[in-house]
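*Asks:* Sending over a structure as structure tokens; questions will come in a sec.
Bear in mind that the values in this text are calculations on the coordinates, not laboratory data. From a predicted model like this one, the values you see are computed outputs, not experimental measurements. As a convention, Cβ positions derive from the backbone with ideal geometry for all residues, glycine included, and neighbour counts pool all protein chains shown.
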Amino acid sequence: MPKLVHTIGKLQNTKPNLPPTKPDCNKKQSVFLCLRMIANGAASKFELRLLRIWKKAHILRRLLVKLSYFCTVKKTTKMITLTTIDDLTAALAPYRQANKSIGLVPTMGALHAGHASLVERAVGENDVTVVSDFVNPTQFNDPKDFSSYPRDLDADRALLETLHADILFAPTVEAIYPEPDTRTFDYPEMNVMEGPRRPGHFNGVCRIVSKLFQIVQPTRAYFGEKDFQQIAVVRAMVNDLQLPVTLCPCPIVREASGLALSSRNSLLTDDERRLASEIYKTLKVSLEFSQTQSVADTQAFVTEALNAFDGLEVEYFEIVDAQTLQPIKDWSEAENVQGCITVYCGQRPVRLIDNINYRNHAR
Ligand SMILES: Nc1ncnc2c1ncn2[C@@H]1O[C@H](COP(=O)(O)OP(=O)(O)OP(=O)(O)O)[C@@H](O)[C@H]1O
Ligand SMILES: CC(C)(CO)[C@@H](O)C(=O)[O-]
Ligand code: BAL
């Protein structure tokens, strides 16, 4: 035992960082000092732990504050419906002044889960979300298509409220076009597929989308990939006019049957809707087919398979470079390849569009 006391005494006096001790310390004192040193170490470790927990709790508390803001402010703030450009401009002014991000979801109403996916994303990514609901006459090349286009503003409002959109912008035609819009947007390379089949359509889309961009000045604008060519045209317009907006393409939302959701689907009978689901089923089968077959044979396969159904008529099915929208002859011609289709379905008939990605080596 005296040996141990001696050793402890030596240790206490030689280690530079040990607390100073009385030279004549006895065994009891040394053991006590030892225990105190251990306890001191444990205490500082404990303090460190407490500090870490406190820091974590602090982060958690800040998260909870944000979450409660979202629950109490975001979720209970009632969506407002505006119909004039002046009202919308005034409503957005405080957000703009405070440098808040503004999300815009342009729609033509008759909203469904496809639109909802765009709105949900916009609400999640921006401080304020504007959803426009406007059946734009300048993009309809067929007056019957315009008059039969489904409209249901009350149902749209109810859906948007559940999605926590902030502003529903539902202007009249006069508010948007107080005088005829004579602007032309000419992007010759985009004059493929829908371009020649719906003359003036994309010019009308550019007119309304550019007006909405000018009014809302969104940070981000959300478009569905169902309208694959529309995104490319809007991108060309944004580059052309050098608009400071980020375009956010959103994936296609489908029914369980595979049919791409579309406002015009409401014009189909139940049987026609079942028939329309063959479009995506065939596109999916063609994915497998395309692995071993040429572009031309894949195109023929899809067109013939769909035309074989009584009640379906393919207007076009093109396999294109997803970036340039130019048709390709060989799979190796583009890194990212898309198949775009338009089909007439049923008695009326209803014109439906869809598309599928064949290869994307650009990812
Ligand atoms: N199924 C869908 N999945 C994802 N986005 C969609 C879907 N359907 C429409 N969208 C997108 O919603 C936006 C508004 O589209 P729109 O109001 O024209 O509805 P729609 O369903 O495309 O109607 P229709 O094609 O019958 O005119 C567009 O950007 C469109 O691409
Ligand atoms: C972008 C759009 C809302 C412009 O009217 C329309 O073309 C649509 O809904 O896809
Ligand atoms: N979403 C497409 C709009 C149109 O067909 O006019």
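*Asks:* Quick one: length gained pulling Gln323 to Ala113 fully straight, 0.36 nm per residue minus the C-alpha distance?
*Replies:* 72.9 nm
*Asks:* Shifting gears a bit: Place a point 7 Å from Cα of Arg96 in the direction of its Cβ. Which residues in the range 237-264 have their backbone N less than 17 Å from it?
*Replies:* 243-246, by backbone N distance to the label point.
*Asks:* What order do you get for 213-220, 226-233, 138-145 when each peptide is scored by the mean count of other beta carbon atoms within 10 Å, highest first?
*Replies:* Values: 213-220: 19.2, 226-233: 21.5, 138-145: 14.8.
My ranking of the peptides, most packed first, is 226-233, 213-220, 138-145.
*Asks:* Let's test the formula: R0 of 41 Å, r as the Cβ-Cβ distance of Lys144 and Val285. What FRET efficiency results, to the nearest 0.05?
*Replies:* Working: r = 33 Å, r/R0 = 0.81.
Result of the calculation: an efficiency of 0.80.
*Asks:* I want to check the label-to-label distance for Glu335 and Asp154. Put each point 7 Å from Cα in the C-beta direction and report it in nm to one decimal.
*Replies:* Computed distance between label sites Glu335 and Asp154 equals 5.1 nm.
*Asks:* What is the sum of charges, Lys and Arg at +1 and Asp and Glu at -1, for the other residues whose Cβ falls under 14 Å from the Cβ of Asn191? Could you put the intermediate results ahead of the total?
*Replies:* Details: positive: Arg197, Arg198; negative: Asp186, Glu189, Glu194, Glu318.
Summing Lys/Arg as +1 and Asp/Glu as -1 gives -2.
*Asks:* If we count every other residue with Cβ under 12 angstrom of Tyr177's Cβ, Lys/Arg +1 and Asp/Glu -1, where does the sum land? Could the numbers behind the result be given before it?
*Replies:* Working: positive: Arg183, Arg207, Lys211; negative: Glu174, Glu179, Asp181.
Residues close to Tyr177 contribute a combined charge of 0.
*Asks:* Another question, then. Can you figure out the FRET efficiency of Asp87 with Ala300, using R₀ = 56 Å and their beta-carbon distance, to the nearest 0.05?
*Replies:* Details: r = 53 Å, r/R0 = 0.95.
It comes out at approximately 0.55.
*Asks:* Cβ under 11 Å from Arg348's Cβ, Arg348 left aside: what net charge do those residues give with Lys, Arg +1 and Asp, Glu -1?
*Replies:* In short, +1.
*Asks:* Oh, and also: How big is the charge dipole of the range 80-250 about its Cα centre, in debye rounded to the nearest 20, if each Lys and Arg gets +1 on its Cβ and each Asp and Glu gets -1 on its Cβ? Walk me through the numbers on the way to the answer.
*Replies:* Values: 14 positive and 22 negative charges, 58 e Å.
It comes to approximately 280 debye.
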